[in-house]
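No value in this document is a laboratory result; all are computed from the given coordinates. Keep in mind that this is a model prediction, so the values were computed, not measured. Cβ placement follows ideal geometry from the backbone for every residue including glycine, while neighbour counts extend to all protein chains displayed.
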Amino acid sequence: MTKSIRPSRLILLSALFLIGLFVLDRGLYYGGNHLAASPYWHSEVSNRVTHAEKVEALIVGGCRAALHFDSQLIQNKIQLKTFNAGKAAIGIGNMEFILNAALTHQKPKYVFIVIDAGNLEENFDTARNDLIKTIPWFSKLPPLEKENFIQQYQLNNLVYKTGLFSFMGKGDEFIRAGLRSALSSIRKGNLSINDGYEPRDPKQSLEKTLMDKKEYEDLLKHVKKELSLSEFSMETYSRMISRVKKNGAEPILVVTPMHHLHATNEINAKVKQAILEMGKKESVQSFFYLDNYSSIANQNELWSDSGHLNKLGAEMFSQNFSNDLDEYIQKESK
């Protein structure tokens, strides 16, 4: 005669199962990512986009993405769930990682790839070094393996070949989904997850800085006067665009405004030409806001430094961008 399992024991076993699932998942999620040099390991924003509600408009890039795009403001205008997966102080290799991570878990309708002159100049060595410096085990590889690893630049393939990428985060997603379902009966709406938008304090302004003659002269010394486009950078953006299209989304290139003392008109013109050629080659839409004569470029109170907007500037730019984007979306839908 079989004994029935008491309800209290059943609850305990179920709880232990869920805890075990969570612990195992965390082991894969952190340990596995650490081993495979996944973007989750170094970028919390990649973790966030994994668990965000269904993302319809995704923003990817470095500092300019993280600081210049107010995702909530854009979302309110275009009526599409918008997520800023920008991450400050990363190179183009890490941008590609974050994009791949996001598209593994999300199916957006639009992906905005934010580009600036610094990205366009990144070469193979710069991107490689930016990636491998975060990998503890790289220095322990035998010389021949290390050389092959560097030459082949196989980080992307490595992540997928491990097999870990298909498992990481799934248990956590299951638990989160359960929590959302349970909470839905208690309150309306979904759990919100903050994205990578990190606006700078409006008190950080060039207004006071440029009143100091020494500070102004020092800033003039750093105005960008040269631009060396990288073939590697172009190839990387081409891969990113192809990845977005393969995922069923529309890639859109965006170049944000810069303060008029950031670069010369000649440099801005070269960047614009490069973006136009890239857009034509890849058959993608682009939005270009780099103009030393624009209103934003000449309002010192909107800038924390010559290359980064503060919160006031981000809100103004995001409003302009969302208006242009909404007009584009409405036009394309007809």
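Which order do the peptides 298-309, 322-333, 233-244 come out in when sorted by mean C-beta neighbours inside 10 angstrom, highest first? Walk me through the numbers before you get to the answer.
Values: 298-309: 20.4, 322-333: 13.3, 233-244: 18.0.
Most protected by this proxy first, the peptides run 298-309, 233-244, 322-333.
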Proximal aspartates and glutamates relative to residue 246, as straight alpha-carbon distance under 18 Å, when same-chain residues fewer than 8 apart are discounted: 56, 96, 235, 282
Other-chain or far-sequence residues with amide H under 5 Å of residue 252's (modelled H): 111, 112, 113
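Magnitude of the Cβ-charge dipole of the range 188-327, K/R +1 and D/E -1, about the Cα centre, nearest 20 debye? Let's see the in-between values first.
Values: 18 positive and 22 negative charges, 71 e Å.
Roughly 340 debye for the range 188-327.
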Could you sort the peptides 211-221, 267-277 by per-residue average Cβ neighbour count (10 Å cutoff), highest mean leading? 267-277, 211-221
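Give me the net charge of residue 102's neighbourhood, meaning all other residues with Cβ under 12 Å from the Cβ of residue 102; Lys, Arg count +1, Asp, Glu -1.
+2
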